[in-house]
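The values are calculated or read from the model by the stated rules, or taken from the named source; none is laboratory data. Note that the structure is a prediction, hence the values are computed from the model and not measured. Cβ coordinates were reconstructed from backbone atoms using ideal geometry, including for glycine residues, and neighbour counts include every protein chain displayed. Note: areas computed on protein heavy atoms with side chains; ligands, DNA, RNA excluded. Shrake-Rupley method; radii C 1.70, N 1.55, O 1.52, S 1.80 Å.
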Amino acid sequence: MATIVDVAKLAGVTPTTVSRVINNRGYISEKTKSKVHEAMDQLSYQPNEIARSLTKQRSNTIGVIVPHISHPYFSKLISNLENEAAKKDYKIILCNSKDTATKEKKYLDMCKSNRVDGIILCSGNVEYNMINTGNIPIVLLEKNFEKGKLGIQCDNYQGGCLATEHLIKCGCKRIVHFSGVIDEEMPADNREKAFIDICNKNNVEYFIKKFDINAYNEMNYYEYIKNTLSEIDGVDGIFASSDLIAAQVIQVCYELNIKIPKDIKLVGFDDVEISQLTTPTITTIQQPIKEMAKLAIHLIDAKYTNTEILEQTILPVDLVVRRSTSVE
């Protein structure tokens with residue numbers, strides 16, 4: 001197995017220079033960097049990451065805890081987090097909590113014991129006052145803000161307003177909102193609050209349907225949607241709190257011979273890939289997922305670069321109009 005001395009000998013430099021290249025310390029010419037990297041590749045040399053982390057008191061890793069890795073929103077978020085982390089030479093440790101407090105707590109403890117440089121928490125079942133990560137910064141992403149903790153949300157209330165106003169402008173008079181989870185509080189509930197406010201302001205009849213935790217965990221809303229549309233007559237607009245739910249609305253409507261957008265106008269939320277893969281494509285509220293990921297990595301990196309930060313941020317959203325509300 002090649003050593004740092006072997007790399008230095010092949011590259012024609014000192015072991016100290018090789019160490020500086022590996023750890024990106026001090027000025028090293030591009031020519032020298034290239035020689036060192038070529039020697040490392042030729043010898044298949046891999047730096048000892050554990051030893052480096054002990055020396056630097058940093059691991060250059062970030063723990064990311066999500067409730068569902070297969071959910072389209074979290075899949076897109078994870079991809080963007082990994083891209084943004086790589087730009088700052090961080091690696092991601094991905095943890096899938098399955099939306100259970102016990103797994104979430106174990107992952108938090110694991111991240112702490114592995115000396116990660118930061119934690120991005122998208123799963124929120126552990127009481128915040130029970131989260132003790134020492135000096136490790138933790139970013140709450142799309143979780144309720146807590147005093148003294150870093151937090152990022154999209155403007156869920158603005159999104160609810162944009163979605164509902166668009167449906168009303170499209171002529172909808174009886175609108176259903178497929179909202180959040182029963183007895184679960186989360187920032188996304190502000191979409192429902194905005195929906196109610198806009199409907200009341202415009203004297204539009206509305207209905208709200210929430211889901212139990214099993215439907216959320218299994219990502220299967222089909223029966224809820226089917227029962228709702230069978231029970232409520234004259235629905236001409238639907239605001240779904242995610243594109244995944246909106247896609248299942250399209251499935252149910254196809255089965256019930258309800259045409260979208262002719263009979264029912266439909267708006268989703270998130271703007272993930274599935275919104276452009278259905279027929280019709282889904283009008284939706286675009287979350288700034290790339291910007292949220294970039295900011296989350298920045299908030300963690302700021303601790304180690306002494307950069308001033310805004311601890312809690314709400315980012316604006318946009319309405320993206322597609323065929324589910326437009327017949328053109």
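Note on Glu291 and Glu165: their simple-model spin labels are 1.7 nm apart, each label 7 Å out from Cα toward Cβ.
Of the solvent-accessible surface of the chain, computed with a 1.4 Å probe and all protein chains present, 49% belongs to carbon and sulfur. Legend: residues Glu192, Glu185, Glu82, Glu38, sorted from most to least accessible area (1.4 Å probe; ligands, DNA and RNA excluded), read Glu185, Glu38, Glu82, Glu192.
Approximating the spin labels as points 7 Å out from Cα along Cα→Cβ, the Asn135-to-Lys106 distance works out to 3.0 nm.
Seen through its C-alpha gyration tensor, with square-root eigenvalues sorted a ≥ b ≥ c, segment 172-254 comes out oblate because a/c lies at 1.5 or above while a/b is not bigger than b/c.
With one equal scatterer per alpha carbon and no solvent term, the Debye-computed log10 I(q)/I(0) for segment 129-287 at 0.09, 0.12 1/Å reads -0.31, -0.53. Panel values: segment 76-217, Kirkwood radius from alpha carbon pairs, Stokes-Einstein at 25 °C and 0.890 mPa s, translational diffusion coefficient 141 µm²/s. A Gaussian network model of the chain, with springs between Cα atoms under 10 Å, assigns the largest mean-square fluctuation among Leu244, Leu94, Leu140 to Leu94.
Note on the chain: GNM, Cα springs under 10 Å; of Ala86, Ala296, Ala188, the largest mean-square fluctuation is that of Ala86.
Mean residue ellipticity at 222 nm, helices only, the chain: -13500 deg cm²/dmol; runs of at least 4 DSSP H residues each add -39,500 (n - 2.57), and the sum is divided by the number of residues. In the chain, the longest principal axis of the Cα atoms and the axis of helix 101-113 are about 20 degrees apart. Accessible surface comparison of Ser70, Ser19, probe 1.4 Å, protein chains only, largest first: the order is Ser70, Ser19. For the peptides 62-69, 288-295, 226-233, the ranking by packing is 62-69, 288-295, 226-233, with the highest mean count of neighbouring Cβ atoms within 10 Å listed first. A Gaussian network model of the chain, with springs between Cα atoms under 10 Å, assigns the largest mean-square fluctuation among Gln276, Gln312, Gln42 to Gln42.
Computed with a 1.4 Å probe on the full set of protein chains, the accessible area for Val5 sits at about 90 Å².
Solvent-accessible surface of the chain, taken per residue with a 1.4 Å probe and all protein chains present: 51 Å².
Could you state the angle between the C-alpha long axis of helix 289-305 and the longest principal axis of the C-alpha atoms of the chain, as a value from 0 to 90 degrees rounded to the nearest 10? Tilt of helix 289-305: around 40 degrees. Full extension of the segment from Asp41 to Lys303, taken as 0.36 nm per residue of separation minus the current Cα-Cα distance, would add 91.1 nm. Size descriptor for the chain, Kirkwood hydrodynamic radius: 22.1 Å (Cα pairs only, one decimal). With only the Cα atoms considered, segment 6-45 has a convex hull volume of 55 Å³ per residue.
Phe74 exposes around 20 Å² of accessible area when a 1.4 Å probe is run over every protein chain in place. Full extension of the chain segment joining Arg115 with Thr16 gains 33.1 nm, where the gain is 0.36 nm per residue of separation less the Cα-Cα distance.
Cβ-Cβ distance of Lys98 and Glu185, R₀ of 25 Å, FRET efficiency by 1/(1 + (r/R0)^6): the value works out to about 0.80.
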